[in-house]
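Novice: Input: one structure, supplied below.
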Amino acid sequence: MAENKTIFHRFLNLFKEIPAADFELIGQHWQHRDIVPGQVLLQQGKTARELFFVVSGILKIVSTSEKGNDVIQFFIRENKFCTILYSFNKGTVAQEGIVAATAGELLVFSKTSLEALYVKLPYFKSLVESITYQALMDKIKYRNALMGEEATVRYQKFVLQQPEIVLRVPLGDIASYLGITQQSLSRIRRNISG
């Protein structure tokens, strides 16, 4: 647990120097949670009431297609915040869900606890908002850049830009993220290795 605290403190200090006393206060507002692959952290159609910081592991943002299939929108890896931002901020129903793609550890801030912390440390609100907003923009930009490409190119770019995810999540998840079938992904991988 002390190691998780250090990891989170270092992460925050990348954006703003957090005094030790403030960080102790921040530490009183989170809970530690171990996760297992497939664990649902937020069910689609429910309101997001938690903000996660990924200490270890990978989370996936999942929606349901018109055909009823799960579609992976994004992967969230270590040293990132994760929630369904609009639902969390506005208290509305989430159109996506959050599921653990791998085993891992999270620091979890409930919305209530986070709001209480914002009263005590007003700068922490703008810090968290700027980090989560920038991360969301980066994810959207990256995904949009991939989606304009042919399937083989999408896979190759994904492997080059996110090799740690390729090595740690099931191929079915990668195929879903890339918008192709698992069979197509297997064929692409065979053709590349050739």
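Novice: Out of the residues in segment 40-60 meeting the condition of being closer than 15 Å to Ala100 by Cβ and of a type in the set (D, E, K, R), tell me which one is most open to solvent (accessible area, probe 1.4 Å).
Specialist: Looking at residues that are closer than 15 Å to Ala100 by Cβ and of a type in the set (D, E, K, R), I get Glu50.
Here's the yes/no breakdown for (1) more than 21 Å from Leu167 (Cβ to Cβ); (2) polar (S, T, N, Q):
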{"residue": "Glu66", "(1), (2)": "yes, no"}
{"residue": "Cys82", "(1), (2)": "no, no"}
{"residue": "Thr92", "(1), (2)": "yes, yes"}
{"residue": "Glu105", "(1), (2)": "no, no"}
{"residue": "Lys111", "(1), (2)": "yes, no"}
{"residue": "Val128", "(1), (2)": "yes, no"}
{"residue": "Ala145", "(1), (2)": "yes, no"}
{"residue": "Glu149", "(1), (2)": "yes, no"}
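Novice: Now a separate question. If you check Lys67, Lys120, which single one turns out to be open to solvent by 20 Å² or more (accessible area, probe 1.4 Å), more than 18 Å from Ala175 (Cα to Cα) and out of contact with any strand residue (DSSP E or B) (no Cβ under 7 Å at 6 or more places or on another chain)?
Specialist: On the way: Lys67 fails: more than 18 Å from Ala175 (Cα to Cα).
Sole residue among the options that is open to solvent by 20 Å² or more (accessible area, probe 1.4 Å), more than 18 Å from Ala175 (Cα to Cα) and out of contact with any strand residue (DSSP E or B) (no Cβ under 7 Å at 6 or more places or on another chain): Lys120.
Novice: Please state which one of Ala116, Ala135 is more than 17 Å from the chain's Cα centre (by Cα), in a helix (DSSP H, G or I) and among the aliphatic types (A, V, I, L, M). Show your work before the answer.
Specialist: Values: Ala135 fails: more than 17 Å from the chain's Cα centre (by Cα).
Just one listed residue meets the conditions, Ala116.
Novice: When you look at Ile26, is it assigned to a helix (DSSP H, G or I) and either within 22 Å of Glu164 (Cβ to Cβ) or not acidic (Asp, Glu) (or both), yes or no? Reasoning before the result, please.
Specialist: On the way: assigned to a helix (DSSP H, G or I): yes; either within 22 Å of Glu164 (Cβ to Cβ) or not acidic (Asp, Glu) (or both): yes.
The answer is yes for Ile26.
Novice: What do you reckon, is Asn79 among the polar types (S, T, N, Q), loosely packed, with under 13 Cβ neighbours inside 10 Å and under 23 Å from Lys125 (Cα atoms)?
Specialist: On the way: among the polar types (S, T, N, Q): yes; loosely packed, with under 13 Cβ neighbours inside 10 Å: no; under 23 Å from Lys125 (Cα atoms): yes.
No.
Novice: In segment 84-103, how many are assigned to a strand (DSSP E or B) and within 18 Å of Lys139 (Cβ to Cβ)? If you could, list the steps in order and put the result at the bottom.
Specialist: Pass one, segment 84-103, residues assigned to a strand (DSSP E or B): 93, 97-100.
Now drop any that are not within 18 Å of Lys139 (Cβ to Cβ), which leaves 97-100.
Of the residues in segment 84-103, 4 are assigned to a strand (DSSP E or B) and within 18 Å of Lys139 (Cβ to Cβ).
Novice: Let me ask something else. Scan Arg168, Arg143 and give me the residue that is at pLDDT below 90 and either under 23 Å from Asp70 (Cα atoms) or more than 16 Å from the chain's Cα centre (by Cα) (or both).
Specialist: On the way: Arg168 fails: at pLDDT below 90.
Testing whether each residue is at pLDDT below 90 and either under 23 Å from Asp70 (Cα atoms) or more than 16 Å from the chain's Cα centre (by Cα) (or both) leaves just Arg143.
Novice: Within segment 119-176, can you find the residues that are aromatic (Phe, Trp, Tyr) and under 18 Å from Phe81 (Cβ atoms)? Break it down stepwise before answering.
Specialist: Of all residues in segment 119-176, those aromatic (Phe, Trp, Tyr) come to 123-124, 133, 142, 155, 158.
Within segment 119-176, Tyr123, Phe124, Tyr133, Tyr142 qualify.
Novice: Next question, about the same structure. Can you tell which of Lys5, Lys16 is more than 18 Å from Arg168 (Cα to Cα), assigned to a loop (DSSP other than H, G, I, E, B) and open to solvent by 30 Å² or more (accessible area, probe 1.4 Å)? Give the derivation first.
Specialist: Details: Lys5 fails: assigned to a loop (DSSP other than H, G, I, E, B).
When all the criteria are applied, what remains is Lys16.
Novice: Then there is this: Could you give every pair whose Cβ atoms fall below 7 Å, whose first residue belongs to segment 144-163 and is under 13 Å from Tyr177 (Cα atoms), and whose second residue is basic (Lys, Arg) and open to solvent by 50 Å² or more (accessible area, probe 1.4 Å), counting only separations of at least 6 or pairs across chains?
Specialist: Final answer for the pair search is Leu146/Lys157.
Novice: Report yes if some residue within segment 174-189 is more than 29 Å from Lys16 (Cβ to Cβ), in contact with a Phe, Trp or Tyr (Cβ under 9 Å, 6 or more places away or on another chain) and basic (Lys, Arg); otherwise report no.
Specialist: Yes, segment 174-189 contains a residue that is more than 29 Å from Lys16 (Cβ to Cβ), in contact with a Phe, Trp or Tyr (Cβ under 9 Å, 6 or more places away or on another chain) and basic (Lys, Arg).
Novice: Can you tell which of Val128, Val169 is more than 21 Å from His32 (Cα to Cα) and surrounded by 16 or more Cβ atoms within 10 Å (Cβ to Cβ)?
Specialist: Numbers: Val128 fails: more than 21 Å from His32 (Cα to Cα).
It is Val169.
Novice: Hey, among the residues in segment 150-166 that are in contact with a helix residue (DSSP H, G or I) (Cβ under 7 Å, 6 or more places away or on another chain) and charged (D, E, K, R), which one's most open to solvent (accessible area, probe 1.4 Å)?
Specialist: Lys157
The values are calculated or read from the model by the stated rules, or taken from the named source; none is laboratory data. Being a predicted model, the structure only gives us computed values, none of them experimental. Neighbour counts run over all protein chains shown; Cβ positions are idealised from the backbone, glycine included. Please note that ligands, DNA and RNA were not included when accessible areas were found on the heavy atoms of the full protein model with its side chains. Shrake-Rupley method; radii C 1.70, N 1.55, O 1.52, S 1.80 Å.
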